[in-house]
Amino acid sequence: MDGRIALVEAGGTKFIVGVGDASRQIHARTRIDTTRPGETIPAAIAWLRAQGGDYSAIGIASFGPLDLDPASPTWGHVTHTVKPHWNNADIAGPFARAFGCPVAIDTDVNGAALAEWLWGAGAGSSSTLYLTIGTGVGGGAVVGGRLVQGLSHPEMGHISMPRHPEDAGFAGSCPFHGDCLEGLAAGPSIIARWGVSLSDLPADHPAHRIIAWYLAQALQTFRAILQPARIILGGGVMQTPGLLDQVRIQTRDASGGYFPGEVNEIVTAPGLGTDAGLLGALALALGR
């Protein structure tokens, strides 16, 4: 694809908007706070217009849930979200109308999964699972060169979980499912139990062991279903020093030696750093 490509990483806290091209160069970017759709989306469009406004395509990697059915009248809309003001918000439509070029939209985690498989920690692997553990928990998978999709995008953060024996008294923080993976391991659930983020707790605090155990149980489930060659763990919670190593150890213990592959090679950190979101949007726009 020739020409400049508009890139939008639409997050629940901030929109990162950029201009890139098919060579993976990001020529400009800005941050816009996520407030209301009628404020944030027009601000993103105005910034893109100020960069010249001539785009061959637009890629949007967005928080969800999203309607991704091309035949649906609400394609490109957020569906049911806990983010105030964003239920049923049209994300893709305003960009398509403003610039008159093709728009590709998918979840932020699907975009990141695709970009990491193409250019990051999953490059060269037959299959890649990307999980983000932050304000929420989400996941995307690339198998056979294609993103895994069903009636809609995967909602890996909402799988049911066993309970850690030291954590049985916590009801979970997910407003839909209580103690699903997101309700037990996302950043808000950690603060709800222990008052601060995981990285602010002492290294010997039991929270580290408990959260690593939950993530290992989730990886056990995803390995049983998908057998990904690479599992990439991103998001703010995973920035906690030592957490990745604890997850690896507990994943190895949980597997009982049943699954193939070396856990330290399969379970890894992202390879694209702070560019993962915009490169995810680029991968979607390129139709990769």
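Tabulated data
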| read-out | value |
| --- | --- |
| Residues that are part of a loop (DSSP other than H, G, I, E, B) and open to solvent by less than 10 Å² (accessible area, probe 1.4 Å), drawn from the stretch 120-173 | G122 |
| Neighbours by Cβ (under 9 Å, 6+ apart or cross-chain): first from the stretch 25-46, in contact (Cβ under 8 Å) with a residue 24 or more places away in the chain; second acidic (D, E) and part of a helix (DSSP H, G or I) | I26/D275 |
| Residues (more than 20 Å from the chain's Cα centre (by Cα) and assigned to a helix (DSSP H, G or I)) located in the stretch 237-247 | D245, Q246 |
| Among the residues listed as V8, V19, the single one being within 22 Å of G235 (Cα to Cα) and surrounded by 20 or more Cβ atoms within 10 Å (Cβ to Cβ) | V8 |
| Unique match (being open to solvent by 30 Å² or more (accessible area, probe 1.4 Å) and at pLDDT 90 or above) among H80, H85 | H85 |
| Candidate set: the stretch 217-236, residues that are touching a strand residue (DSSP E or B) at 6+ places or on another chain (Cβ under 7 Å) and in a helix (DSSP H, G or I); chosen: the one most open to solvent (accessible area, probe 1.4 Å) | L226 |
| Selection status of P42, at pLDDT below 95, open to solvent by 40 Å² or more (accessible area, probe 1.4 Å) and over 16 Å from the mean Cα position of the chain (by Cα) | no |
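The values are calculated or read from the model by the stated rules, or taken from the named source; none is laboratory data. None of these values were measured; they are calculated from a predicted model. Neighbour counts run over all protein chains shown; Cβ positions are idealised from the backbone, glycine included. For accessibility, only protein heavy atoms count, side chains too; no ligands or nucleic acids. Shrake-Rupley method; radii C 1.70, N 1.55, O 1.52, S 1.80 Å.
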